[in-house]
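Novice: I'd like to ask you about the structure that follows.
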Amino acid sequence: MIKAKICSLSIAAAVALGSSPSTLAANPACSRFQPGHYFYVLHETNGLNNLRRYLGMDVRNFKGVVYFMSWGSIEKSKGVLDFGPLDAALAQARAKGKKLMLQFKDRTYSGGCSSSFVPTYVPRERDARNASVCYAKTWESATANEEIRVLKAIATRYKNDSAFMGIALDETSILPVSFAANRDLVLKLYDQVKRMAREVKSVAPAIIIHQKLNWPRQGNLTHFTQIADTHVGLGGGGSVGWPDTSVPNQYNWNWYNIGRNYRGKLAVMPQVQTSGIGTSLGEHDKIYRMLNDDIRAQMMVWGTWHKAMSDSYFSKVIIPTVNKYNGAVSNRTCPF
């Protein structure tokens, strides 16, 4: 039974159904916890039209959409926020009985530092390895403060909208240098993403705050554990995930252990990317089995940065994979 339904029961009734009092009832974030399958749409590439088209397909077994919007698409200039496109996306999802989570992007992988992925006042830095990749300098407190200000405005606007699940914070791998090359800078970034989660959650206690973890894939997970512990400390509504789900690396990439170890404390919401796995139904089925049987993820986000979200790919690969299992996930208990 979905925890959002359990939340409406008395403690005695819920215990009779097999739930312990410690996992019950009182947390309003359970009403936003919607286990199941999602697909992503990138706003900056004709997103509203794509969203409308995908919602018109056979998506009966999807719970909703993760809608990726860049910081610069919402804040046009400092303090000038345009909620119109997000309102429109949310209205489309709501009309089809779906939920929406906003993925807030503070970097670009294609436009470079001259693009409008962030407002012009935001400090940015080019990736030393790829001129097309650029990051808002959110490891700096002053830049993080500006992002927090915008995110709090978004959270405040939609905190009472039941179709709005919450906000996904961009990956932890947003530095123009490797972890090994500048450990101190990375740790500053980790401090900022933890602060960001706490401050945004403070204005909207019921929404989900999701953190995507990326790098280091191997080695000491102490710092990722600290990020996950911060989300546990939010008092409900904390969530973690990652962008790449690789069956050959199921036990090699240690960040998957965050999902395994925190699935009873946080929502686990990994993204499926097809980099290196092709587009066959069989390969996607293996990923589903890994996430469902091993990680026991409660929410799976289907889509990819590495292949175009074509109608054919969505309709012939992603939808049949999800429909094969009738949208089921084995772990549906609200962890908050």
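Novice: Taking segment 74-112 as the region of interest, how many residues are of a type outside the set (D, E, K, R), farther than 26 Å from Arg32 by Cα and surrounded by 16 or more Cβ atoms within 10 Å (Cβ to Cβ)? Working first, answer last.
Specialist: Filtering segment 74-112 down to residues of a type outside the set (D, E, K, R) leaves 74, 77, 79-81, 83-86, 88-93, 95, 97, 100-104, 108-112.
Subsequent filtering for residues that are farther than 26 Å from Arg32 by Cα retains 77, 79-80, 108-112.
Still in the list and also surrounded by 16 or more Cβ atoms within 10 Å (Cβ to Cβ): 108, 111-112.
Qualifying residue count for the region: 3.
Novice: Could you list all residues from segment 199-225 that are polar (S, T, N, Q) and within 18 Å of the chain's Cα centre (by Cα)? It would help to see each step written out before you state the result.
Specialist: Kept after step one, since they are polar (S, T, N, Q), are these residues of segment 199-225: 202, 211, 214, 218, 220, 222, 225.
Of everything in segment 199-225, those that are polar (S, T, N, Q) and within 18 Å of the chain's Cα centre (by Cα) turn out to be Gln211, Asn214, Thr225.
Novice: State yes or no: is Glu171 in a helix (DSSP H, G or I) and in the same structural domain as Phe68 (by TED's automatic domain parsing)? Walk me through how you get there before you give the answer.
Specialist: Numbers: in a helix (DSSP H, G or I): no; in the same structural domain as Phe68 (by TED's automatic domain parsing): yes.
Judged against the criteria, Glu171 is not a match.
Novice: Still on this structure, please answer the following. Would it be correct to say that Tyr109 is within 22 Å of the chain's Cα centre (by Cα), closer than 29 Å to Val59 by Cβ, modelled with pLDDT under 95 and not small (Gly, Ala, Ser)?
Specialist: Details: within 22 Å of the chain's Cα centre (by Cα): yes; closer than 29 Å to Val59 by Cβ: yes; modelled with pLDDT under 95: yes; not small (Gly, Ala, Ser): yes.
Spelling it out, Tyr109 is indeed within 22 Å of the chain's Cα centre (by Cα), closer than 29 Å to Val59 by Cβ, modelled with pLDDT under 95 and not small (Gly, Ala, Ser).
Novice: Among the strands (runs of 3 or more DSSP E) lying completely within segment 55-141, list those that include at least 2 residues that are under 21 Å from Tyr40 (Cβ atoms). Can you show your working first?
Specialist: On the way: elements: 64-70, 75-77, 99-105, 124-127, 130-136.
Where strands (runs of 3 or more DSSP E) fall fully within segment 55-141 and carry at least 2 residues being under 21 Å from Tyr40 (Cβ atoms), they are 64-70, 99-105, 130-136.
Novice: Further question: When you scan segment 19-54, how many residues do you find that are within 24 Å of Ser239 (Cα to Cα), out of contact with any Cys (no Cβ under 7 Å at 6 or more places or on another chain), in a loop (DSSP other than H, G, I, E, B) and at pLDDT below 95?
Specialist: Selection size over segment 19-54: 6.
Novice: Then there's this: Taking into account only those residues within segment 146-172 that are of a type in the set (S, T, N, Q) and touching a Lys or Arg at 6+ places or on another chain (Cβ under 9 Å), which is modelled with the highest pLDDT?
Specialist: Ranking the candidates gives Ser162 first.
Novice: In segment 48-73, which residues are of a type outside the set (Ser, Thr, Tyr) and surrounded by 19 or more Cβ atoms within 10 Å (Cβ to Cβ)?
Specialist: Leu51, Leu55, Val59, Phe62, Lys63, Gly64, Val65, Val66, Phe68, Met69, Trp71, Gly72, listed by residue number.
Novice: Among the residues of segment 60-88, which ones are touching a Leu at 6+ places or on another chain (Cβ under 6 Å) and farther than 18 Å from Tyr135 by Cα?
Specialist: Matches in segment 60-88: Gly64, Val65, Tyr67, Ala88.
The values are calculated or read from the model by the stated rules, or taken from the named source; none is laboratory data. The structure displayed is predicted, hence computed values, not measured ones. Quick reminder, even Gly has a Cβ in these numbers, built from the backbone with ideal geometry, and neighbours come from all protein chains shown.
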